[in-house]
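Data first, discussion second: the structure below is written as structure tokens.
Every number here is computed from the coordinates shown, using simple stated rules; none is lab data. Worth saying up front: this structure is predicted, and the values here are computed from it rather than measured. Note: ideal-geometry Cβ built from the backbone for every residue, glycine included; neighbour counts use all protein chains shown.
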Amino acid sequence: MLELRNVSFTVSDENDGLTKEIIKNVSLTIQDREFVAITGPNGGGKSTLARLIMGIERPTGGQILYNGEDITGLSITERAKKGMGFAFQMPVRFKGITVKDLLTLAYGSKLTTSEACQYLSEVGLCARDYVNREVNASLSGGELKRIEIATILARKPQFSVFDEPEAGIDLWSFQNLIRIFDRLHKEMNGSVVVISHQERILNIADRIVVIAGGEVLEQAASEELLPKILSDSLGCLFHKDAEGLSAFGKDGE
């Protein structure tokens, strides 16, 4: 179980010296084997919250506990050792490291080429075309996203966080992504947290948490809250961003 207790995150503007509170006194609990979708308007603090959960950023106030242990000060590497996994919105490239090397690191022990290929196949990649390729600029964003998700499968974390995993992937990959979330949640008995605007992802979650203005605006079971989101009764989700685009999107948008 993961618990956020009154977590805040404040940053300073180097230009004017003023501070801005990105996350404001958030308290949230993710139960064991629960699938939680976090949604809300662009700029509302969703990705920052994911980075705080995984130790990429450290809160300026409050505590984060994992299975009863205070992990507020632990790094992402230390949290990974405790069974937590993270998929970035923009996956990291690793020059000089092959896809098989990356999968082996995630797996934690020796991984055969056949086993590595199996994980790649699960995310829709032709294994023989990718297993020995470097994780560098020659790979597209969509390919990197699939490879990163394959590393999550190889690691089998008990707590996984995905930051907008649908970004930059095609429709087939998105459909496969839904199946992978279901597997992590049900077959591997893990907790899954997904930052997303996509209706289809929100629909399969156990619970939806709405983050707006750095605060938890509302949270409830998916079947209770999703109709309110889709009917626009939570108006904050549908404010237009700077480009005039809706902050909440349905599949394919």
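Rounded to the nearest 10 degrees, what's the angle between the helix 141-155 long axis and the longest principal axis of the chain, both from Cα atoms, 0 to 90? It is inclined by approximately 80 degrees. Each of Lys24, Lys81, Lys95 has some number of other Cβ atoms within 10 Å of its Cβ, and from fewest to most they run Lys95, Lys81, Lys24. Tell me whether the stretch 122-194 comes out rounded, prolate or oblate; compute the Cα gyration tensor, take square roots of the eigenvalues as a ≥ b ≥ c, and use a/c under 1.5 as the rounded threshold. The shape class here is prolate.
Need one word for the stretch 85-138: rounded, prolate or oblate. Basis is the Cα gyration tensor (sqrt eigenvalues a ≥ b ≥ c); a/c below 1.5 gives rounded, then a/b vs b/c decides. Rounded, since a/c falls under 1.5.
Past 28 Å, Cα to Cα: identify those pairs from Lys110/Lys186; Lys145/Lys228; Lys46/Lys156; Lys81/Lys228, in the order given. Going by Cα-Cα distance, Lys145/Lys228; Lys81/Lys228 fall outside the 28 Å limit.
Charged neighbours of Gly62, selected by a Cβ distance under 15 Å, balance to -1 (K, R count +1; D, E count -1). Among Asp163, Asp13, Asp182, the ranking by other beta carbons within 10 Å of each residue's beta carbon, starting with the fewest, stands as Asp13, Asp182, Asp163. Look at Phe174, Phe88 and count the other Cβ atoms within 10 Å of each Cβ; fewest to most, that gives Phe174, Phe88.
Amide H contacts for Ile71 (H built 1.01 Å from N in the peptide plane; partners 5 or more residues away or on another chain; cut-off under 5 Å): Ile64, Leu65, Tyr66.
Mean residue ellipticity at 222 nm, helices only, the chain: -9000 deg cm²/dmol; runs of at least 4 DSSP H residues each add -39,500 (n - 2.57), and the sum is divided by the number of residues. Positive contributions from Lys and Arg (+1) and negative ones from Asp and Glu (-1), summed over other residues with Cβ under 11 Å from the Cβ of Met188, come out at +3. The C-alpha atoms of the chain define a longest principal axis, and helix 171-182 lies at about 80 degrees to it.
Here the Karplus curve 6.51 cos²θ - 1.76 cosθ + 1.60, taken at θ = phi - 60°, turns the phi angles of the stretch 38-43 into couplings of 10, 9, x, x, 4, x Hz, with x standing for Gly and Pro. Whole Å is fine, so just give me how far the alpha carbon centre of the stretch 1-75 lies from that of the stretch 129-159. Centre-to-centre distance over Cα atoms comes out at 26 Å. Along the axis of the charge dipole computed for the stretch 1-132 (Cβ charges of +1 for Lys and Arg, -1 for Asp and Glu, origin at the Cα centre), the listed residues Leu111, Ala80, Asn67 are led at the positive end by Leu111. Amide H contacts under 5 Å for Glu34: Ser191, Val192, restricted to partners 5 or more places along the chain or on a different chain, H placed in the peptide plane at 1.01 Å from N. Annotation: amide H of Phe86 within the under-5 Å range of Val161, sequence separation 5 or more or interchain, hydrogens built in the peptide plane.
Cα convex hull, the chain: 137 Å³ per residue, rounded to a whole number. The residues packed around Ala154, meaning those with a beta-carbon under 14 Å from its beta-carbon, carry a net charge of +2 if Lys and Arg are +1 and Asp and Glu are -1.
Using the alpha-carbon atoms, what tilt in degrees (0 to 90, nearest 10) does helix 113-122 show relative to the longest principal axis of the chain? Here the helix axis deviates by roughly 40 degrees. Most tightly packed first, judged by the mean number of other beta-carbon atoms within 10 Å of their residues, the peptides 211-222, 32-43 read 32-43, 211-222.
Rounded to the nearest 20 debye, the dipole magnitude of the chain is 820 debye, with +1 charges on Lys and Arg beta carbons, -1 on Asp and Glu beta carbons, and the Cα centre as origin.
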